[in-house]
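Chemist: Next up is a structure, given as structure tokens.
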Amino acid sequence: MCQGTVKCYLESIDRLRSQISPTWCPTTPTAGRNTPVNLLRRRLKITRDNALKAQINRLLWSVTNQLNDWRNDHWSNTLESLDLDDKAVWKMTRRVKRIPTAPLPLVTPWKLALSGSEKAEARADMMEV
């Protein structure tokens with residue numbers, strides 16, 4: 001049995017795909033709709049089977065737990081890789097605490113400019129007038 005790795009999850013998804021729909025292919029245009037969970041949900045809507053609902057919940061729970069484990073491992077590796085002698089810890093602290101702010105739009109009488117090119121055009125128009 002696998003030990004909760006992403007590779008293990010992908011193998012279980014492949015097994016589930018072959019059980020549900022052997023023709024499923026990730027390159028098809030409807031691949032987002034034909035994921036194993038969505039196929040199970042569609043079948044659940046039709047049948048209202050409690051065992052199927054439990055299977056969906058187990059699948060979603062396992063995916064959530066594996067993603068959380070991966071995030072925790074990634075964060076732990078990042079923290080362990082920091083060098084305590086230089087200012088890496090303080091740089092990381094500042095990066096984590098900082099809340100990014102979105103650039104403000106340029107408001108003109110004609111329009112609202114959001115991107116840099118729109119702001120440049122709006123300034124050029126204002127200089128012409």
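Chemist: Name, by its number, the condition in (1) in contact with a helix residue (DSSP H, G or I) (Cβ under 9 Å, 6 or more places away or on another chain); (2) modelled with pLDDT of 75 or more that does not hold for residue 8.
Modeler: Condition (2) is where residue 8 drops out.
Chemist: If you take the residues of region 31-57 that are of a type in the set (A, V, I, L, M, F, W, C), part of a helix (DSSP H, G or I) and under 20 Å from the mean Cα position of the chain (by Cα), which of them is modelled with the highest pLDDT? Full working, then the answer.
Modeler: Within region 31-57, the subset of a type in the set (A, V, I, L, M, F, W, C) is 31, 37, 39-40, 44, 46, 51-52, 54, 56.
Going one step further and asking which of them are part of a helix (DSSP H, G or I), we end up with 37, 39-40, 44, 46, 51-52, 54, 56.
Within this subset, residues satisfying the condition of being under 20 Å from the mean Cα position of the chain (by Cα) are 37, 56.
On the way: 37: 73, 56: 81.
Filtering first and then ranking leaves 56.
Chemist: Under 8 Å between Cβ atoms, which residue pairs at least 6 apart in sequence (or on different chains) link something in region 58-79 that is under 28 Å from residue 41 (Cβ atoms) and assigned by TED's automatic domain parsing to the domain that holds residue 36 with a partner that is among the β-branched types (Val, Ile, Thr) and surrounded by 10 or more Cβ atoms within 10 Å (Cβ to Cβ)?
Modeler: Filtered contacts from region 58-79: 59/37; 60/37; 66/5; 66/6; 70/6.
Chemist: Pick from region 89-120 the residues that are surrounded by 10 or more Cβ atoms within 10 Å (Cβ to Cβ), among the polar types (S, T, N, Q) and in a loop (DSSP other than H, G, I, E, B): which of them is modelled with the lowest pLDDT?
Modeler: 108
Chemist: Could you pull out the residue among 18, 76 that is over 30 Å from residue 124 (Cβ atoms), modelled with pLDDT under 80 and in a helix (DSSP H, G or I)? Walk me through how you get there before you give the answer.
Modeler: Working: 76 fails: modelled with pLDDT under 80.
Just a single option satisfies the conditions, and that option is 18.
Chemist: Please work out which one of (1) surrounded by 11 or more Cβ atoms within 10 Å (Cβ to Cβ); (2) not in a helix (DSSP H, G or I) is the condition residue 86 fails and give its number.
Modeler: Of (1) surrounded by 11 or more Cβ atoms within 10 Å (Cβ to Cβ); (2) not in a helix (DSSP H, G or I), only one is false for residue 86: (1).
The values are calculated or read from the model by the stated rules, or taken from the named source; none is laboratory data. Keep in mind the model is a prediction, meaning the values are calculated, not measured. Cβ atoms come from the backbone with ideal geometry, glycine included; neighbour counts cover every protein chain shown.
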